[in-house]
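Enquirer: Quick one: structure below, then a few questions.
The values are calculated or read from the model by the stated rules, or taken from the named source; none is laboratory data. Please read all numbers here as calculations on a predicted model, not as lab measurements. Cβ atoms come from the backbone with ideal geometry, glycine included; neighbour counts cover every protein chain shown.
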Amino acid sequence: MHLQENEGHDEREDGLRGRLVRAGVELVNAEGAQALSLREIARRAGVSHGAPRRYFPTHLDLLSAIARQGFAELADRLAEEDREDAGPRERIAILARVYLAYAETRRGMYELMFRHDLLESGRLGLRETSLPLFAHLTALVARATDPGPGPNPTGDTALSSGMASPGDAALRAGALWANLHGIAQLWHWGSLRLATRGTDPAPLLAAALDAHLGPVEAAP
């Protein structure tokens, strides 16, 4: 009986913790990251303003738990749109479009997710949720920039296999991601619309892919 009572207590604790996170997710989606105060999250969750401290010792812990839900949602959206039968460049283009769409439709969450200066990325599983997305992009970039087998005067294994080294792929993926992030931010702020007189970010995305992956070769 004592064990059952403890199990029931744990379920209630998990339920309240989840309610706090859900309240934070709703708040950031509605009002932006700047609205994420412990007091307001507690009010929306229907608990005392001191209750979040029982589950999240610091404000950063709670922000990290909220951001983790954003990364999970972004991963789910990508999984829905991704096509494993497509070539790596096409899959990168799909990832990029999903990323830009998420930035536009989940503005507050998007801005929170990448504020690692505000988040405890090594706690609450945040790194385990965010880093696989970048690893996925890096793997696709490595495949998309694979020059194929060819002469290898140095005898380097990575070169002889035709595959870009992991470091090169990570740097290229990082540069591409930074470009995508810039497009997302500057398009939202209106700067790119004004500078390019564009009405659609798609041409900017195509230019970014060409810049980081090389232009698409025309069919013979």
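Enquirer: Please name all residue pairs, on different chains or six or more residues apart, with Cβ atoms under 8 Å, provided the first residue is in the stretch 85-100 and is in the same structural domain as A207 (by TED's automatic domain parsing) and more than 17 Å from G182 (Cα to Cα) and the second residue is of a type in the set (G, A, S) and not in a helix (DSSP H, G or I).
Expert: Going by the 8 Å Cβ cut-off, the qualifying pairs are I94/A86.
Enquirer: Still on this structure: May I ask you to verify whether E90 is acidic (D, E) and at pLDDT 90 or above?
Expert: So E90 fits the description; yes.
Enquirer: Could you give me the residue pairs with C-beta distances under 7 Å whose first residue belongs to the stretch 48-74 and is among the β-branched types (V, I, T), whose second residue is part of a helix (DSSP H, G or I) wherever it lies, and which are 6+ apart or on separate chains?
Expert: The qualifying pairs are I66/V21; I66/G24; I66/V25; I66/V28; I66/L112.
Enquirer: Among the listed residues G162, G150, which satisfies the condition of being modelled with pLDDT under 95, in the same structural domain as L186 (by TED's automatic domain parsing) and touching a Leu at 6+ places or on another chain (Cβ under 9 Å)?
Expert: G150
Enquirer: Within the stretch 23-40, restricting attention to residues that are part of a helix (DSSP H, G or I), among the small types (G, A, S) and surrounded by fewer than 19 Cβ atoms within 10 Å (Cβ to Cβ), which residue is modelled with the lowest pLDDT?
Expert: A35
Enquirer: Of everything in the stretch 105-142, what is acidic (D, E) and modelled with pLDDT of 95 or more? Give them in sequence order.
Expert: Result: no residue meets the conditions.
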